[in-house]
Structure formats: C-alpha cells, structure tokens
Ligand code: EPU
C-alpha cells in the first residue's frame, strides 16, 4: 500500500479487477485506488504523473471488456453528491457527482418530482460514464436532458466545464469516445429536468406495455423496469455489458437490397438518407441467439447481449468476432462493438 499524501487515498498494487467490471473478468491493475473526493482524484493524478503511470478511470465497470492486465494506475471514481438549482418555474438543474449510481439517481429524481430520465431506468453504471456513450433507451437519450459536464483534464489537472454542444453527442457516442478520448475524467454531470410531469412513450415496446390512458412518469419508470428485467440479464447474476454491439446505420441502397431479400427486416430511418438496423435481428438471423461457446454466449432473450459464464476477455472478443464475420458475410454490414476494450491481447 502506498500513501499518496492525501487523506483517505490508498494506492494499492496488483489488484484483481473482477469485482469492478460487470463482465466479471479477472485481470490485474498494476496500481489501483478508489477516489471519493476531488482532492483524492487530484492526488491520484499527481501520483500517476510523478511515477510516469498511465491513468485508466473506471466507474461502475458496466461497459468494459478487460482483455489483459492493465499497467499504470486504475482509478475507481466514487465521487458522491447531488445538488439542485431551479432555473425556471418548470425546470431544474441537477448536479450529480460522477460516482453516483445511475439507476439510484433516476429513482431519486422521480421521488423529488424531477422528470425526464425515467425511460432510462435500470441502466447499470455510474453517472460519470453516462455521457461517454450517451446512454439511451426507450426513446430517450442522455443528450436530451444533459446541460453540461465538469471534467478534469488529465494533462493539466485543470477543471473545465463542457456544454452539451461541446460534448458532440451522437448515437452511443460523444467527444469522450472520439477526439477527446482519454483526455478527461468526468467529475460531475448536470441534467436539466422538468418539474412538471411529461412522459415520452413513443418507443413501440414501451407504448405496448403501458395500459393506462394518461400514464405518469412513475408508470413509465415501472414499465421500463419491467421490460428490462424481463429480457435483459442482471449483471450481478449473469455477467454482461448490456448491448454488446451498436445498431448499425446503413445506406438506403443497402437497405433497399436487404429488404427485398428479407421482407421482415426492421428498418428505422436515421437522419436524411440512412437507416438503422437492429443488430439483435441480424445476430438472431445468423443463429447466435442463446448460443454458447464454452464460457461465453449470447443471451436467450436478447441477441444483442453477450453473457460471460466464466470466460476471459479474449473469449468474449472471439465470440464477438465470430458474430461480426457471420453478419458481414450474410448481410454486408459491419457491426461495431459498443463497450470499451482495455488491455492488449498478446
Ligand atoms: N430484436 C431481435 N431479436 C432480439 C431482440 C431484438 O430481432 O433478440 C429486434 C426486434 O426487431 C426488435 C428490435 O430488434 O423490435 C429492437 O429491439 P429492442 O427494443 O430490444 O432494442 P435494441 O435495438 O436491441 C436498443 C439499445 C438498448 C435499449 C433498447 C431500448 C443499442 C445498442 N441498444 O436495443 O440499450 O435498452 O434499444 O431502447 O442501441 C444498452 O445499450 O446496453 C442497451 C440495452
């Protein structure tokens, strides 16, 4: 154990990351610490700089594939705290520290009458990771309500505020996955929520599961929890990272050709001239739904969810590769992996 000169900050060596990732993959961090306060985070970054260590921040670990031991310092972000600031008679800004649990915050918002994220109930992970992949489900994306994020820049140690526009959000992407990858650690997130109940039940499976005529945000929350628990495995009992692939976006030419050959292919218009295809449909049609390859497999109720029975990151990626090749061969579509892969295969 190393004392890094900041109260409560303990830097440990050779720590198994299995409890810190929802695929329950066992790889080791060369150095590891948990930070609960900004001062501890700053001290951890200073320690890394002094010792020339690469920094890998992790939150809830629900969107990671750990393939090999991680050199440098893994920082588990557990910054806590929530505050609110009214901005108009029907809007309120809520500031969440990055280490708050996403679903607990959805519940907290609902119980305080702050509406807008109930469609995103039961998404695993921490608040600070939500903007990175612009989490989305059942017709709502984080970028619909995100006001700003506070970050610490790894190079300079400076704290900055980025607006929603700065974050360059897209479908399951943002600045933090693109040009600013690995440049910042998100320390807090501000969401602008509504104090007047307003619901969005446009997503077909959500609409179908609500049977009252004037649903409340609480009804939406309960319906989303029901749908998700029915078809998505709980990572605590069957390790997974939710959707393993993004839904691919294809040209209208390819969409035309594929729907002539497969009249039941679901297609959703995306931007002006392109179409989004459910990766789950492609994977299911290639025969992978419910499959098992020794220690890893595809979930029986949702073909987009890769599950880990007791395998390694390499086994997870090997199944993902097998699926991608088959989909490419059959449909001429390249699937893109959604979670972040850390560590290099030798
Ligand atoms: N489908 C299949 N087979 C399956 C599952 C789905 O063919 O096993 C087809 C059906 O046509 C279905 C369509 O896919 O109508 C859409 O399915 P679903 O509503 O389950 O959504 P999805 O596209 O598979 C996306 C998100 C999920 C999110 C749901 C609901 C991505 C990568 N995934 O999944 O997000 O919960 O929509 O909005 O966009 C996550 O990111 O971890 C996640 C679970």
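Quick notes
- Exposure proxy order (Cβ contacts within 10 Å, fewest to most) of 153, 202: 202, 153
- Separation of alpha-carbon centers, the stretch 113-164 and the stretch 2-28, rounded to whole Å: 24 Å
- Going from the fewest other Cβ atoms within 10 Å to the most, the residues 56, 216, 237 appear in the order 237, 216, 56.
- Fully extending the segment from residue 254 to residue 332, taken as 0.36 nm per residue of separation minus the present Cα-Cα distance, adds 27.2 nm.
- Shown here are the Rg and Dmax of the Cα trace of the stretch 128-277, at 18.4, 55 Å.
- Rounded, prolate or oblate (a/c below 1.5 giving rounded, otherwise prolate when a/b exceeds b/c) for the stretch 205-339 by Cα gyration tensor: oblate
- Applying 0.36 nm per residue to the separation of residue 51 and residue 179 and subtracting their alpha-carbon distance, the gain on full extension is 43.5 nm.
- Structure-based [θ]222 nm, the chain - -39500 (n - 2.57) summed over DSSP H runs of at least 4, per residue, nearest 500: -7000 deg cm²/dmol
- Extension gain, residue 194-residue 300: 0.36 nm per intervening residue step, less the Cα-Cα distance, totals 34.4 nm.
- Spin-label model, residue 10 to residue 293: label points 7 Å out along the Cα-to-beta-carbon direction sit 3.9 nm apart.
- Shape of the chain from the C-alpha gyration tensor: oblate (a/c of 1.5 or more and a/b not above b/c, with a ≥ b ≥ c the square roots of its eigenvalues).
- Prolate/oblate/rounded label for the stretch 228-294 (Cα gyration tensor, a/c 1.5): prolate
- Cβ-to-Cβ counts within 10 Å put 103, 76, 299 in ascending order as 103, 299, 76, the fewest first.
- Under 20 Å from a label point set 7 Å out along the Cα-to-Cβ vector of residue 229, the amide N atoms of the stretch 201-223 belong to 205-212, 216-223.
Bear in mind these aren't lab numbers, they're just calculated from the coordinates by the rules spelled out. What you see is a predicted model, and the numbers here were worked out from it, not measured in a lab. Cβ coordinates were reconstructed from backbone atoms using ideal geometry, including for glycine residues, and neighbour counts include every protein chain displayed.
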